[in-house]
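Notes follow the structure.
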Amino acid sequence: MKITDVQVLYLKLPQIDATRCDGTQDTLIVRVRTDEGIDGIGEIDSVPVVARSIINAPPSHAIATGLKDLLIGEDPFEIERLWDKMYMGALYYGRSGPVLHAMSGIDIALWDIIGKASGRSTAQMLGGVYRQEIKAYASLLMPDTIAEAAKLAETYMNHGYKAIKFGWGPIGRVSKAFDIELVRTLRSVIGDENDLMIDVGHVWDVKHAIRMAQEFARYGVHWLEEPLPPDDLTGYMQLSQAADIYIAAGEQESGRRAFDRLLREGGVDILQPDLGRCGGLTEARKIAYMAYDNNRRIVPHAFKTGVLVAASTHFAASIPHGDLIEYTRSESPLARHVVANPLSFKDGYIQLPNGPGLGIELDEDIVKKYLAH
């Protein structure tokens with residue numbers, strides 16, 4: 001089997017609000033084609049036009065080459081070697097950031113191919129299935145008011161979720177009193193038996209974060225996510241040592257070296273690699289076992305389409321400590337309808353697909369409708 005093409009599909013809503021932190025307004029889908037008629041699909045979480053250029057760029061020289069040219073004619077089963085070939089082939093302009101983002105989507109698609117070709121699920125190909133269902137938390141952007149948040153929380157608890165997270169929007173940007181009242185109200189709505197997580201969007205300093213972690217602990221907040229800027233590793237270490245609740249971070253990071261720093265220098269409790277950004281499933285497995293060896297949790301970030309949700313589900317199912325994933329609750333048509341056969345959700349859990357590869361297919365009509373030219 002040989003790779004014959006790498007297609008990059010830029011999907012975009014007609015209107016984009018660039019002031020919103022909403023990754024479901026546009027996305028980049030990768031489709032890797034083979035000479036045996038088996039295609040794989042993946043997703044990139046980045047600036048789509050930048051990642052698309054990295055894939056399609058013509059060669060300049062041996063270590064400054066677009067990713068597509070590095071893959072044509074290669075065997076998709078040689079996935080570790082191809083990851084290294086892409087990494088080394090983009091050495092002059094890569095090693096982190098957008099290059100690893102672009103590699104991530106391709107890598108997911110390659111794992112989809114080898115699963116389909118083998119008649120086994122991606123989770124099986126990754127090393128085995130630890131669980132057939134994974135707890136999924138409802139992930140929501142914070143609306144303008146606490147009343148709106150309470151209504152959303154009630155809605156998703158009624159849908160069967162056992163965990164919910166609100167992030168960004170006015171959180172951390174209005175007042176201490178607002179944040180405390182938000183947490184108090186949400187806890188009263190969802191009850192004591194369900195998990196509540198808060199994503200601040202890295203706008204606090206460490207002293208304020210420590211004070212707020214103490215306040216949030218009174219209401220049983222399960223984790224506090226990215227309260228500090230991503231590069232404030234000293235602050236994260238101080239916060240992790242002082243806080244009684246879990247500190248989560250990592251969605252901004254690319255490559256295992258960055259996650260090693262988060263563990264060693266930041267002391268973070270929960271790592272959150274995004275499979276469309278961190279280096280794909282190949283790199284995420286190494287990050288996962290780095291966390292496992294250090295007795296830390298790993299919960300993949302996934303705020304895109306059903307492609308990324310499916311990849312995250314297979315990833316979590318294939319590692320010993322993959323007991324939770326993020327499930328985007330954006331009503332964007334990209335988040336809801338790009339995948340023709342989205343994963344099944346029941347009683348708070350996502351079911352692992354039984355089909356080969358990722359077990360999903362694109363809705364070609366939706367792809368055509370939102371394809372940016």
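Annotations
- Cα centre as origin, Lys/Arg/Asp/Glu Cβ charges: the chain dipole, Debye: 160
- R0 of 30 Å, Cβ-Cβ distance residue 369-residue 69: FRET efficiency to nearest 0.05: 0.50
- Fraction of accessible area attributable to carbon and sulfur, the range 160-215 (%, probe 1.4 Å): 50
- Taking all protein chains together and a 1.4 Å probe, the residues 254, 344 rank 344, 254 from largest to smallest accessible area.
- Net charge contributed by nearby residues that have their C-beta within less than 15 Å of residue 15 (K/R +1, D/E -1): -1
- Per residue, the average separation of C-alpha pairs within less than 8 Å and at least 6 apart gives the chain a relative contact order of 20 percent.
- Tensor-based shape of the range 1-72 (alpha-carbon gyration tensor, a/c under 1.5 rounded, otherwise prolate or oblate): oblate
- On the basis of the beta-carbon distance and an R0 of 25 Å, residue 211 and residue 185 show a calculated FRET efficiency of 0.80.
- Distance-filtered residues of the range 142-169 - backbone nitrogen under 18 Å, label point 7 angstrom along residue 175 Cα→Cβ: 144-148
- Spacing of the two label points (7 Å from each Cα toward its C-beta) at residue 80 and residue 2, in nm: 2.5
- C-alpha center-to-center spacing [the range 91-131, the range 150-184] in angstrom: 33
- Lys, Arg +1 and Asp, Glu -1 on Cβ, resulting dipole of the range 1-138 about Cα centre, debye, nearest 20: 140
- Taking each residue as 0.36 nm, the span from residue 17 to residue 354 lengthens on full extension beyond its C-alpha to C-alpha distance by 117.6 nm.
- Protein heavy-atom accessible surface, 1.4 Å probe, per residue over the chain: 40 Å².
- Fraction of alpha-carbon pairs over 20 Å apart in the range 233-327 - percent: 29
- Each Cα pair under 8 Å and six or more residues apart adds its separation to the average, and for the range 1-89 the resulting relative contact order is 29 percent.
The values are calculated or read from the model by the stated rules, or taken from the named source; none is laboratory data. Computed from a predicted structure; not experimentally measured. Backbone-built Cβ (ideal geometry, glycine too); neighbour counts: all protein chains shown. All accessible areas refer to the heavy atoms of the entire protein, side chains included, with ligands and DNA or RNA removed. Shrake-Rupley method; radii C 1.70, N 1.55, O 1.52, S 1.80 Å.
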